[in-house]
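Some notes on the structure that comes next.
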Amino acid sequence: MTVLKGVIEIEMLCLNSWENFEDNKRFLRTRMEEENPVGRKLLEKDKTHLDRIQVQMATAHEFLLMIRLKDKKEPDIFPYLSRIEKSLKEQSFSVKRAGKEDIKRILAVYYEQNVTTEKFEDFDGERWIIPEI
């Protein structure tokens with residue numbers, strides 16, 4: 001755990017977590033379009049079960065290591081992050097840099113406690129914009 005002590009910029013953040021079941025639900029919806037009524041009923045029960053699991057998973061927790069990059073110059077940022085990432089891996093941590101969607105999800109959970117939304121907008125109300133043709 002010396003890596004946590006040795007890097008002053010590291011902060012820990014604990015958030016409520018959730019699992020994404022959207023691909024499984026989408027698969028079940030396409031299967032429900034089949035004509036077999038008995039199969040459709042079973043698939044509907046599976047979908048309900050997935051919904052329940054997703055709600056239960058909303059009470060799980062996710063721990064994040066955040067790194068503040070104050071006073072770091074642009075060319076120094078990625079080598080610095082790579083060194084920290086390597087050090088974390090050597091300490092048996094699973095390391096993944098957050099992408100744009102990850103950051104939107106983290107902010108939604110942190111500020112709104114929103115653990116159920118599948119896709120986040122880039123701008124508030126973006127889904128209501130009708131594109132001009």
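Key figures
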| quantity | calculated |
| --- | --- |
| Contacts under 6 angstrom Cβ, first residue in the stretch 36-53 being farther than 10 Å from Asn24 by Cβ, partner surrounded by 12 or more Cβ atoms within 10 Å (Cβ to Cβ), 6 or more apart | Arg40/Met32; Leu43/Leu28; Leu43/Arg31; Leu43/Met32 |
| Residue list for the stretch 45-80, filter: in a strand (DSSP E or B) and at pLDDT 80 or above | Phe63, Leu64, Leu65, Met66, Ile67 |
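The values are calculated or read from the model by the stated rules, or taken from the named source; none is laboratory data. Every value quoted in this text rests on a predicted model; they were computed, and no experiment measured them. So basically every Cβ, Gly included, is an ideal-geometry build from the backbone, and we count neighbours across all protein chains shown.
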